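This report concerns only the one structure given below.
The values are calculated or read from the model by the stated rules, or taken from the named source; none is laboratory data. Model, not experiment: these values are computed from the prediction. Please note: Cβ atoms are built from the backbone with ideal geometry, for glycine as well, and neighbour counts cover all protein chains shown. All accessible areas refer to the heavy atoms of the entire protein, side chains included, with ligands and DNA or RNA removed. Shrake-Rupley method; radii C 1.70, N 1.55, O 1.52, S 1.80 Å.
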Amino acid sequence: MKLQHSTDSPLVRLKDTDLTLEDRDQDIRGRKVIDRDGKEIGHISSLFIDEAERKVRMLEIRAGGFLGIGDRHFLLPIDAITKVAKNEVHVNETLERIVQSPVYAPALVEEPITQGHSEPFYGYYGLSPYWGDGYMYPTFPMSTEENLLHDHSHRVTD
């Protein structure tokens, strides 16, 4: 049986909606992002959600700069997460690969983010897009302390 997902639902920042995460302790915004080699990339500044399915689809990673000057922003599909820990989110990419990813300049991109805008990120990272046939929402290995406190869902509620 193939699962069908919304193909035209744009992605919006969670903070720009009336939705919240089911469990506030699972909010990964502000956590450090660690690459597969253990290098710090930056921190998660925003979560982009598919309002129709109420699921987080993309992470916005903010890196570098000082007081917001000279910083860079990167979009990374949530499917790249390999582990969620108390203060960190680990991803299966390297810092170097993320730095070379398609350009994301929040000031120049009109929101909400459409499928056409997010497609290059899925292609670049070799990940199946959430609107594709057979797509399965990822589960995230969590640290022991996180597992004791929470389930793995990143669903959002009213």
So for each of 102-111, 81-90 I average, over its residues, the number of other beta carbons within 10 Å; can you give me the resulting order with the highest mean first? 81-90, 102-111
Which of the aspartates and glutamates could a cross-linker bridge to Lys32, judged by Cα under 13 Å and excluding same-chain residues fewer than eight apart? Glu40, Glu60, Glu88
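Of all accessible surface on segment 1-136 at a 1.4 Å probe, what whole percent is carbon and sulfur? Don't jump to the answer; show the numbers that get you there.
On the way: 3440 of 7020 Å².
Carbon and sulfur atoms account for 49 percent of the accessible area of segment 1-136.
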